[in-house]
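J.: If you scroll down you'll find the structure; I have some questions about it.
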Amino acid sequence: MGWFRPDRDKLLLRIDQAFERDDPAAALKAAVKGVRAYPGDPDLRIRLGDALLDQGALREAAAAYRETVALAPEWAEALVALADVQVESNDLAAAEDTARAAVALDPDDPAAHHVLAVVFELTNRPKPAARAYAHAARLDPDGWFEPVRVSARAFDVALSHAIDELPSDLRDALADVRIEVRRFPGPGQGPDGQTNPLILGLFEGTALPERTSDDLYGTLSAVITLFQGNLERQCATEDELIDEIRVTLLHEVGHYLGLDEEAVWRRGLR
């Protein structure tokens with residue numbers, strides 16, 4: 001029996017439907033099948049990158065996006081996708097080169113200006129970052145916005161309110177946890193000790209179920225950090241920021257309680 005080549009358009013539809021129903025495993029399976037059947041197809045290749053990214057496979061996703069760029073060098077969307085994963089991988093120099101290439105290729109692509117703004121912000125260049133964010137918002141006001149900015153004091157006040165609004169049992173559990181605010185993550189702050197400059201919050205230390213009565217080290221080392229710059233980037237208004245602070249704090253409290261990502265979502269700590 002000869003090899004049956006699946007229909008390309010049906011594969012694309014299957015991948016997109018899997019993404020829509022939040023089934024990354026099915027999306028990845030269909031994307032792998034599509035790339036094997038149509039190795040020179042950039043639409044299938046970029047979806048493979050998207051599916052790998054959804055699985056947290058940053059290196060493999062970056063490779064798939066590079067292959068997409070090689071197949072379609074004039075496609076700004078592929079460059080933007082590569083720049084995004086380079087930012088998440090903390091390869092900011094490469095991300096800047098890629099983002100600039102995307103802007104040069106399509107100056108009217110708001111996503112290209114936005115990822116370049118993120119790179120500027122993470123490399124301590126606030127003025128060009130603000131200009132790039134504003135330009136993305138002008139190009140597509142419905143899809144992009146300029147991040148809200150608040151003072152450190154206003155952020156601390158919002159955080160204090162979020163703590164006060166926690167259920168009493170969660171507030172009691174946080175008695176031995178230090179809560180800090182930083183602008184952006186530092187070296188090693190991210191999943192499994194790998195720097196992720198985009199995370200909104202992070203719990204570091206010994207989770208509550210793993211501590212013992214004489215675990216002094218666990219008490220002293222339990223820290224929840226919220227990253228103000230990244231939280232601001234998600235929000236267009238102060239009200240949105242206040243809500244995002246609350247959601248992120250709850251999420252990190254879930255990790256302190258010993259819950260993994262799936263359990264955090266299942267318990268509603270998000």
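J.: Can you confirm whether V177 is outside the structural domain of A95 (by TED's automatic domain parsing), of a type outside the set (S, T, Y) and touching a Phe, Trp or Tyr at 6+ places or on another chain (Cβ under 7 Å)? Before the answer, list the steps.
T.: On the way: outside the structural domain of A95 (by TED's automatic domain parsing): yes; of a type outside the set (S, T, Y): yes; touching a Phe, Trp or Tyr at 6+ places or on another chain (Cβ under 7 Å): yes.
Answer is yes for this residue.
J.: Just need a number here: residues in segment 19-40 that are in a helix (DSSP H, G or I) and out of contact with any Leu (no Cβ under 8 Å at 6 or more places or on another chain). Give the derivation first.
T.: Keep residues of segment 19-40 that are in a helix (DSSP H, G or I), which gives 19-20, 24-37.
Right, trim to out of contact with any Leu (no Cβ under 8 Å at 6 or more places or on another chain) and you get 19-20, 24-27, 29, 36.
So the answer is 8.
To keep it simple, each residue is scored yes or no on (1) touching a Lys or Arg at 6+ places or on another chain (Cβ under 8 Å); (2) surrounded by 14 or more Cβ atoms within 10 Å (Cβ to Cβ); (3) among the β-branched types (V, I, T); (4) not assigned by TED's automatic domain parsing to the domain that holds G254.
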{"site": "A129", "(1), (2), (3), (4)": "no, yes, no, yes"}
{"site": "A134", "(1), (2), (3), (4)": "no, yes, no, yes"}
{"site": "L159", "(1), (2), (3), (4)": "no, yes, no, no"}
{"site": "L170", "(1), (2), (3), (4)": "no, yes, no, no"}
{"site": "R183", "(1), (2), (3), (4)": "no, yes, no, no"}
{"site": "P187", "(1), (2), (3), (4)": "no, no, no, no"}
{"site": "P191", "(1), (2), (3), (4)": "no, no, no, no"}
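J.: Would you kindly identify the helices (runs of 4 or more DSSP H) lying entirely within segment 94-180 that contain at least 2 residues that are in contact (Cβ under 8 Å) with a residue 12 or more places away in the chain and under 22 Å from L231 (Cβ atoms)? Step through it out loud before you land on a result.
T.: Numbers: elements: 110-122, 126-139, 152-164, 168-173.
By residue number, 110-122, 126-139, 152-164.
J.: Okay, next question. Evaluate the following for L48: is it surrounded by 17 or more Cβ atoms within 10 Å (Cβ to Cβ), out of contact with any Cys (no Cβ under 8 Å at 6 or more places or on another chain) and closer than 24 Å to A18 by Cβ? Working first, answer last.
T.: Values: surrounded by 17 or more Cβ atoms within 10 Å (Cβ to Cβ): yes; out of contact with any Cys (no Cβ under 8 Å at 6 or more places or on another chain): yes; closer than 24 Å to A18 by Cβ: yes.
Yes; evaluated as a whole, the condition is true for this residue.
J.: Further question on the same structure: Quick check on my filter: what residues within segment 67-84 are over 14 Å from L53 (Cβ atoms) and either small (G, A, S) or not assigned by TED's automatic domain parsing to the domain that holds P42 (or both)?
T.: Passing the criteria: A70, A72, A76.
J.: Within segment 122-161, can you find the residues that are over 22 Å from the mean Cα position of the chain (by Cα) and farther than 20 Å from A111 by Cα?
T.: The answer is S151, A152, R153, A154, D156, V157, A158, S160, H161.
J.: Out of everything in segment 85-99 that is among the hydrophobic types (A, V, I, L, M, F, W, C) and within 20 Å of Q55 (Cα to Cα), what residue ends up being surrounded by the fewest Cβ atoms within 10 Å (Cβ to Cβ)? Walk me through it before giving the result.
T.: Kept after step one, since they are among the hydrophobic types (A, V, I, L, M, F, W, C), are these residues of segment 85-99: 85, 87, 92-95, 99.
Among the residues that remain, those that are also within 20 Å of Q55 (Cα to Cα) are: 85, 87.
Values: V85: 25, V87: 23.
Result: V87.
J.: Among V247, V264, V223, which is more than 24 Å from E146 (Cα to Cα) and modelled with pLDDT of 90 or more?
T.: Details: V247 fails: more than 24 Å from E146 (Cα to Cα); V264 fails: modelled with pLDDT of 90 or more.
Result: V223 is the single residue among V247, V264, V223 that is more than 24 Å from E146 (Cα to Cα) and modelled with pLDDT of 90 or more.
J.: Identify, from the list D50, D43, the residue that is part of a helix (DSSP H, G or I), of a type outside the set (A, V, I, L, M, F, W, C) and over 22 Å from the mean Cα position of the chain (by Cα).
T.: Values: D50 fails: over 22 Å from the mean Cα position of the chain (by Cα).
Only one candidate passes the filter, namely D43.
The values are calculated or read from the model by the stated rules, or taken from the named source; none is laboratory data. As the structure is a computational prediction, the values presented were derived from the model and not from experiment. A quick note on method: Cβ atoms are made from the backbone with ideal geometry, for glycine too, and the neighbour counts reach across all protein chains shown.
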